[in-house]
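The values are calculated or read from the model by the stated rules, or taken from the named source; none is laboratory data. Computed from a predicted model, the values in this text were never measured in an experiment. Heads up, the Cβs are rebuilt from the backbone with ideal geometry, glycines too, and the neighbour counts pull from every protein chain shown.
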Amino acid sequence: MIIQFLLLIGGLIFVIKGADYFVDAAVSVARKTGMSEVLIGATLVSMATTLPELAVSTYSSYLNKADLAVGNAVGSVIFNTGIILGLAILLSPIVIKDQKFSSKAIFMLFAGILLGLFSVNAEVTFLEGLLLVTLFIVYTIFLFKFSPVAENEKQIDNTPFWLLSIKFIGGAMAVVFGSRLMVNAAVSIAEALGISTAIIGLTIVAAGTSLPELVTSLTAIKKGHQNVSVGNIVGANFLNMATVIGFSSLINPLPMGSDSLRIDLPVMLIFMTLIWLFGRKGKMERWQGVVFISIYALYFINIVTRTLG
């Protein structure tokens, strides 16, 4: 058991550091081209910080561990919003400068609603996964169309291209390797403790793979770039639905457990709806952060009850 926990931690380190290098390389390239701060947060940073979830869930799907794949993706959205965004707002109220925030939040919410509809038959099929991936492509086109490159936002970055390439590729490889360690260890721990891999996915794995979002968002807040933080969470939540669930179901159909349908998905949709409702007024206040954290606390109590029961 101790060895499995060490492997889980080791895999998590590989995933987080790999994603960190990937983020650095992606953002460096983006800033050289003059991408806006909001666009960087909603696209490249979100995609990079969601790599752990994508790697873990797709590999879980490949191993026919669908409950771990689903639990990781849905659990990450819940953790991203309840803990990461909740803490970020609690630390510093966020004035949203992105005029397209509501549109991006609606994309996120729409992806969540689609997943809910697809799950009615207790399974996300290949075709439904393909529709989610198509939605991701539409979302990306939308962002680049309405967030044009701003030449005056270009920043000087003297990092040589060969080094950026090494960080980009090496980071991706570390994420893949770490995800394999994490999935195998998580499954072994769940079997040894006699609890479902879905619970492991919703808690330990979801929180672990969400650490890049946590670090990125809190760092952005500290440096005064609140819009990167909000854009990162909205983008990451959307990507967990459209790409993590989408690509995972292309590998194998994803059965949805009864607890996911009754509890996890509704909680996820509540969080997504609140992000849109709170954010469309142009500012997120500290009390809203308390709401996010309180809902997550109640949800976590429910998970503990399900585990002990």
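This table checks each residue for (1) outside any helix (DSSP H, G or I); (2) of a type in the set (Asp, Glu); (3) at pLDDT below 80; (4) touching a strand residue (DSSP E or B) at 6+ places or on another chain (Cβ under 7 Å).
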{"position": "ALA19", "(1), (2), (3), (4)": "no, no, yes, no"}
{"position": "VAL38", "(1), (2), (3), (4)": "no, no, yes, no"}
{"position": "VAL70", "(1), (2), (3), (4)": "no, no, no, yes"}
{"position": "ILE83", "(1), (2), (3), (4)": "no, no, no, no"}
{"position": "LEU109", "(1), (2), (3), (4)": "no, no, no, no"}
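Scanning the stretch 72-93 for residues that are more than 13 Å from ILE293 (Cα to Cα) and surrounded by fewer than 24 Cβ atoms within 10 Å (Cβ to Cβ) turns up SER92, PRO93. If you filter the stretch 182-201 down to residues that are of a type in the set (Gly, Ala, Ser) and in a helix (DSSP H, G or I), you find that the one that is surrounded by the most Cβ atoms within 10 Å (Cβ to Cβ) is GLY201. Scanning the stretch 118-127 for residues that are farther than 12 Å from PHE247 by Cβ and assigned to a helix (DSSP H, G or I) yields PHE118, SER119, VAL120, ASN121, LEU127. Filtering the stretch 173-197 to residues that are under 23 Å from PRO255 (Cα atoms), within 17 Å of the chain's Cα centre (by Cα) and at pLDDT 75 or above leaves only MET182.
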